[in-house]
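The block underneath contains the structure these notes are about, expressed in C-alpha cells.
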Amino acid sequence: AQSVTQLGSHVSVSEGALVLLRCNYSSSVPPYLFWYVQYPNQGLQLLLKYTSAATLVKGINGFEAEFKKSETSFHLTKPSAHMSDAAEYFCAARTSTGNQFYFGTGTSLTVIP
Amino acid sequence: GAGVSQSPRYKVAKRGQDVALRCDPISGHVSLFWYQQALGQGPEFLTYFQNEAQLDKSGLPSDRFFAERPEGSVSTLKIQRTQQEDSAVYLCASSLAGGLNEQFFGPGTRLTVL
C-alpha cells in the first residue's frame, strides 16, 4: 500500500527565509506526487505535481519540489517565505493504476514577521 | 463562482442520527471523490465516482456510510446511525476525468457528533 510521510507537523520560518517541507513516500513503483495547500476554512489547492516528466517541478506562488527516487522524497521548497504562505501543506501520492490519493498528515507552516 | 461547493458547511448531530452531506462538483467534471479528514490528519479516501458509477468504495469505513451520484452530477454522502468517531471534515473533490487531472476540492463539511 502507498503511504506518505511528512516530517514535522509544524514548521516555523522567518519572513524571507527558506521554506523546506519534507515528504517521503513508500512504494516499489514511483507514484505520482502532489503538494496541496489548505488555508483556514478553505478547500485544498494544488501547488504542484510530479508526473515523471521532470524531477524538478515548479508550482504556483514560487514553490517548487524535487523528486528524488534514491531518497524516495519529494520535498517542497520556496526560497523566500512570505506572510501569505502561512497555511497547512499536504503531500499526496497516487499510483499510476489507481484513483486513490494517499495524503500525508500535513505540515502547518508559520511565518514569523 | 464555479468551484466545488458543499453543504452544509457545519453539521452537529446527536449520536445515532442520520446525516446527509451534499457536494456540487464543478459543471462538466466527470470524476468525484469523497474524503474524510479527521482533526490533525490528512484527508483519507472514501469513495470515487465516474459519472454516476461508483467505481471505488473501498475507503468507506463501515456499512453505515453510503454515497450516491444518481445523475452524474451532485453527490450525497450519507452516514447512518452516526457515532462520535465519525466526527471529521468531509471533503469532496471533482476533476475533469480520472488520471492525473487536477482534483478541485470543496471547502468541506465539518461534522460533529455529540
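I want the local charge near residue A:111. Using Cβ-Cβ distances under 14 Å, sum +1 for each Lys or Arg and -1 for each Asp or Glu among the other residues.
Local charge sum for residue A:111: -2.
Could you work out the relative contact order of chain A, using alpha carbon pairs under 8 angstrom and six or more residues apart, expressed as a whole percent?
38 percent
What is the local net charge at residue A:11, summed over the other residues whose Cβ is closer than 13 Å to its Cβ (Lys, Arg +1; Asp, Glu -1)?
The answer is 0.
Mind putting together the pair-distance distribution for chain A? All Cα pairs, 10 Å bins, whole percent per bin, short to long.
15, 50, 29, 6, 0
Mind giving me the FRET efficiency for residue A:53 and residue B:51? R0 is 25 Å, r the Cβ-Cβ distance, nearest 0.05 is fine.
0.30
For q values of 0.10 Å⁻¹, compute log₁₀ I(q)/I(0) with the Debye formula on a Cα-only model of the protein assembly as shown, without solvent.
Debye intensities relative to I(0), on a log10 scale: -0.45.
Between beta-carbons, use under 15 Å as the cut-off and find the net charge around residue A:31, counting Lys and Arg +1, Asp and Glu -1.
+3
Quick check: Cα centre of the range A:65-94 to Cα centre of the range B:8-29, how many Å?
31 Å
For chain B, set up a Gaussian network in which alpha carbons nearer than 10 Å are linked by springs, and say which option among B:84, B:103, B:36 fluctuates the most.
Sorting by GNM fluctuation, first place goes to B:84.
Of all GluC sites (Glu not before Pro) in the range B:1-109, which ones are in loop regions per DSSP and have a Cβ with at most 15 other Cβ atoms within 10 Å?
Here the sparse-neighbourhood loop sites are B:52, B:71, B:102.
When Rg is the radius of gyration of the Cα atoms in chain B and Rh is its Kirkwood radius, what does Rg/Rh come to?
In chain B, Rg relative to Rh is 0.95.
Show me A:99-105, A:45-51 ranked by packing, highest mean number of other Cβ atoms within 10 Å first.
A:99-105, A:45-51
Below 8 Å, C-alpha to C-alpha, sequence gap of six or more: please give me the relative contact order for the range B:10-114 in percent.
Relative contact order of the range B:10-114: 37 percent.
Straight-line reach only, C-alpha to C-alpha below 29 angstrom: list the lysines that residue B:14 could link to, leaving out same-chain residues fewer than 8 apart.
B:57, B:78
Where a number appears in this text, it was derived from the coordinates with a stated rule and is not lab data. Quick caveat, the model's predicted, so the values are computed rather than measured. With ideal geometry, Cβ positions are generated from the backbone for all residues, glycine too; neighbour counts draw on all protein chains shown.
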